[in-house]
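All remarks here apply to the structure that follows.
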Amino acid sequence: MINGVNLTVRVYYIGDNASYNDQNLSFSYNYNNIANKTNIKLIKITSDNNVTIYYPTCNIGASKFLSLEEISR
């Protein structure tokens, strides 16, 4: 409970349809496609007043923004 609001936090694996052979990865998420272990975890936060926040995150490796130097290579 935060500031009088009940929050429920759940973590799921969701379907992973990315082509890992590409230099740039692109994902399209289906939050209802709960799967066994994949490379994408979905953190779902729901409040008791019907507000839901979805946060997909990589299960492996690390994500970061590219620097201008990396982009210009």
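Per-structure values
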{"quantity": "Tabulated pairs, region 11-26, first touching a residue at least 12 places away in the same chain (Cβ under 8 Å), second surrounded by 10 or more Cβ atoms within 10 Å (Cβ to Cβ) and hydroxyl-bearing (Ser, Thr, Tyr), C-beta under 6 angstrom, 6+ apart or interchain", "calculated": "13/38; 16/38"}
{"quantity": "Residues being part of a loop (DSSP other than H, G, I, E, B) and either in contact with a helix residue (DSSP H, G or I) (Cβ under 6 Å, 6 or more places away or on another chain) or surrounded by 13 or more Cβ atoms within 10 Å (Cβ to Cβ) (or both) - total across region 1-40", "calculated": "10"}
{"quantity": "Some residue of region 47-60 being exposed (fewer than 13 other Cβ atoms within 10 Å of the Cβ), under 26 Å from residue 1 (Cβ atoms) and aliphatic (A, V, I, L, M)", "calculated": "yes"}
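The numbers here are math on the coordinates, done by the rules we state, and not lab data. What you see is a predicted model; the values in this text were computed from it and never measured. Every residue, glycine among them, receives a Cβ derived from its backbone with ideal geometry; neighbour counts consider all protein chains shown.
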